[in-house]
1. Tell me, A:MET188, A:MET42, A:MET133 in order of fewest to most beta-carbon neighbours within 10 Å?
2. Test of understanding: extend the Cα→C-beta vector of A:ARG94 to 7 Å, then name every residue of the range A:177-202 with backbone N under 12 Å from that spot.
3. Report the label-to-label distance for A:ASN87 and A:GLN26 in nanometres (one decimal), using points 7 Å from each Cα along the Cα→Cβ vector.
4. Provide the per-residue ³J(HN,Hα) series for the range A:42-50, in order, calculated from phi with Karplus coefficients 6.51, -1.76, 1.60 and θ = phi - 60°, each as a whole number of Hz, with x at glycine and proline positions.
5. Could you go through the range A:152-161 in sequence order and give the Karplus-derived ³J(HN,Hα) for each residue, using 6.51 cos²θ - 1.76 cosθ + 1.60 with θ = phi - 60°, rounded to whole Hz, and x for Gly and Pro?
6. If you fit an axis through the alpha-carbon atoms of helix B:36-52 and take the longest principal axis of the Cα set of chain B, what angle between them do you get, 0 to 90°, nearest 10?
7. What are the extents of the Cα atoms of the protein assembly as shown along their three principal axes, listed from largest to smallest and rounded to whole Å?
8. At R0 = 30 Å, how high is the FRET efficiency between A:ALA199 and A:ARG112 if r is their beta carbon distance? Nearest 0.05 is fine.
Amino acid sequence: MLSMEGTSTIRNEAQMIEAILAGDTQLYHELIRPYERAVYLMALSYVKSETEAEDIAQEAFIKAFRSLATFRAEAKFSTWLISITLNEARGRLRRKASLREEPLEELTDDDRPVSPALLRDWREIPSEALERMEVRTLLRKAVEALPAIYREVFVLRDVEELNVNETAATLKISVASVKVRLHRARIMLQKQLAPVLKAAAPERKRRWFR
Amino acid sequence: MIIDCKHVWNYLSEYIDGSLSEETREAVQLHLDHCEICSAILDATRNIIILTADDRVFELPVGYSERLHARLEKELNDKLS
């Protein structure tokens, strides 16, 4: 998890980057290993296909390698890497949209209030439920269906588990925007998922006295 | 401070993250203690966040890491030559 990096990791990363720039390029394999998943997931939050997300991830890691000399030690390597991934993914979407002459997905905030699905009770769905493909697919599709500006914040905060400040720095938006967008994403997901997950969860035993 | 359900919904995300001011957190807490609908909404939201964070939801494609490092290897060698 990116947010769990200790200062020792950061110091080691700085040393690794220095060594790579000095010619020990093989160390780059080690440097990026902790971020393989994060970069892929970030790419996947922009494109629907796994193949394309993988392609974006590879491209981002190569671009990061080529521009490693421009990395400034005061920034976090993870944040820098994710920003490169974002640019790569957004650039592709723009190229695709212009080829098909389609408008880009709306990237502005929406002030309309979002309301959750109303429930009277909630029985916890345990992680074991994720053994079922059906449940995993429901969750993934719901995240994919979020508008892009909410999806990117949700993926960084709740899937990658970056903190609010790291998320703001990565996306180059304010902390307040992170909070608002995250709130909207979470409520949208609750609205979308709570009813279907409730239905997909194992049947509760009927109480005989009803 | 007494707040109604719709106001509580606006605070749910920050309530989960523990980033509300003391006063607001107490008001939300007071409401949650008495409102079964808002507590159910909170429980469901929290539950969904935990489930989506699970590594099994977004899986890496089989062979992703191998293909990535193979491609990088080519790049790293090109750099040397």
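Rule-based calculations on the coordinates, nothing more; no lab input. On a predicted model such as this, the values are computed, not experimentally measured, just so you know. Using ideal geometry, Cβ is built from the backbone for each residue, glycine included, and neighbour counts are taken over all protein chains shown.
1. Values: A:MET188 21, A:MET42 28, A:MET133 9.
By the 10 Å Cβ count, ascending: A:MET133, A:MET188, A:MET42.
2. Backbone N within reach: none found.
3. Result: 3.0 nm between the two label points.
4. Result, ordered by residue: 4, 5, 5, 6, 9, 10, 7, 9, 5 Hz.
5. Once θ is set to phi - 60°, the couplings for the range A:152-161 become 5, 5, 4, 4, 5, 6, 9, 9, 7, 6 Hz.
6. 10
7. Over the protein assembly as shown, Cα extents along the principal axes are 78, 43, 40 Å.
8. 0.65
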